[in-house]
1. Output the number of the condition that residue 265 fails; it satisfies all remaining conditions of (1) closer than 27 Å to residue 1 by Cβ; (2) surrounded by 15 or more Cβ atoms within 10 Å (Cβ to Cβ); (3) modelled with pLDDT under 95.
2. Of the conditions (1) in contact (Cβ under 8 Å) with a residue 12 or more places away in the chain; (2) part of a helix (DSSP H, G or I); (3) under 22 Å from the mean Cα position of the chain (by Cα); (4) over 15 Å from residue 198 (Cα atoms), residue 283 satisfies every one except a single condition; which number is it?
3. Please specify each residue of the range 244-268 satisfying the condition of being assigned to a helix (DSSP H, G or I) and in contact with a helix residue (DSSP H, G or I) (Cβ under 6 Å, 6 or more places away or on another chain).
4. When you scan the range 425-448, do you find a residue that is part of a loop (DSSP other than H, G, I, E, B) and closer than 23 Å to residue 337 by Cβ, even just one?
5. Within the range 152-174, track down each residue that is touching a strand residue (DSSP E or B) at 6+ places or on another chain (Cβ under 6 Å) and under 19 Å from residue 70 (Cβ atoms).
6. Considering each residue of the range 138-151, count those that are under 14 Å from residue 72 (Cα atoms) and surrounded by fewer than 20 Cβ atoms within 10 Å (Cβ to Cβ), and give that number.
7. State which residue is modelled with the highest pLDDT when the search covers only the range 5-19 and only residues that are assigned to a helix (DSSP H, G or I) and in contact with a strand residue (DSSP E or B) (Cβ under 7 Å, 6 or more places away or on another chain).
8. So residue 189 fits all but one of (1) modelled with pLDDT of 95 or more; (2) outside any strand (DSSP E or B); what number is the exception?
């Protein structure tokens, strides 16, 4: 089982850096920028640029005392006569002379690092612009005293492009999950830039809007499967070109011993992920996912399962419902933890539900399915993909889209009618007893705002324009508003 809702909770509560830590990091970065601009450091500062996990938004929470960090580049004009090491050494001296930073500063091959008490550090790397004329950008290697060309903005652009192809921030989320896996298991080592590039290479523009990326566990299974296939086809470390500078091989960051180990464990975890998704028993599937990601995955569901059996939970769910579908607010929490599988079949047949009036086809019905994206405004260009039963906040709205099974677009010879059904005490109290049919808002898409806490559902009906015959219908798309 995929447990889409549990993955959402796991990412937000366990894996991803929380808002407090992000605010602390941003405040520290802003303070460092102001300090550098106001210092007597000789190079002329032209600006700053984030890079790495900070730019790509793949930073995860600290694991076992390891700090989270941000990488920033400070763009500077070349100082005549300076060597590469001079930029690093001089920047360190500036920080060392400060009462604020003198006990926090250290230097490495390419950067000066400010380490804060607690969990965070910031790497500051000088980026020398146009040293040799033209439009060159070079970082400084203090160890070799050499300038090295780089294109960090281009790499971030490549990352964002691949993330867009995956839809719903799936590439970004999978990257966070595998960084977390690397951190808690400690079974393999792979530098983040290499890991991220290997994952991104497994995604192309052909993947856009396909069902194999429709949710986080699906994307994880797809990317890990492709990565394993790629690694198993290469007994020695393949060339992994830097997307922003193809002549640079990130594959050289791993020794052959480390690559062999990495290859082996990717194969193992790929198998575990497949087993977890294929397991049909709810409790056993959570245990299978915990084998991959540890005991924090699905912790709330496990605690609930320890208190009551599934049959009891279904009974509880039924007790929270009424014949008019005016369910109690607590049903939302139960569905969030255990999924919509606990809803009885009659939940989808409330008395206020309107029935279709179109004649049904005598042939085999067309398979139709619904996708959805969460947006904060109806006119937003893009949103976050949401799957059926995935909890969403009570703000903004959802754009629903009907497609043929497999992802094909619906031809203009047919139209889509939408049945939107509200349930729950919050909606009913405001007179939102909806269960009627509505036309599409744009093409085969419909927009619905999110407001009323509850478990609601939307269905797509495919009607042939030439004779008004109903030829296909989707299963209910569950909208769980927290």
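The values are calculated or read from the model by the stated rules, or taken from the named source; none is laboratory data. All values derive from a computational prediction rather than experimental measurement. In this analysis, Cβ positions are derived from the backbone assuming ideal geometry, glycine residues included, and neighbour counts consider all displayed protein chains.
1. Tallying (1) closer than 27 Å to residue 1 by Cβ; (2) surrounded by 15 or more Cβ atoms within 10 Å (Cβ to Cβ); (3) modelled with pLDDT under 95, residue 265 fails exactly one: (3).
2. So the condition that residue 283 fails would be (3).
3. Answer for the range 244-268, where residues must be assigned to a helix (DSSP H, G or I) and in contact with a helix residue (DSSP H, G or I) (Cβ under 6 Å, 6 or more places away or on another chain): 250, 253, 263, 266, 267.
4. So in the range 425-448, the residues part of a loop (DSSP other than H, G, I, E, B) come out as 430-434, 440-441, 443-444.
Going one step further and asking which of them are closer than 23 Å to residue 337 by Cβ, we end up with none.
The answer is no; no qualifying residue exists.
5. Matches in the range 152-174: 152 only.
6. Total meeting the criteria: 1.
7. Applying the filter and picking the extreme gives 15.
8. Residue 189 satisfies all of (1) modelled with pLDDT of 95 or more; (2) outside any strand (DSSP E or B) except (1).
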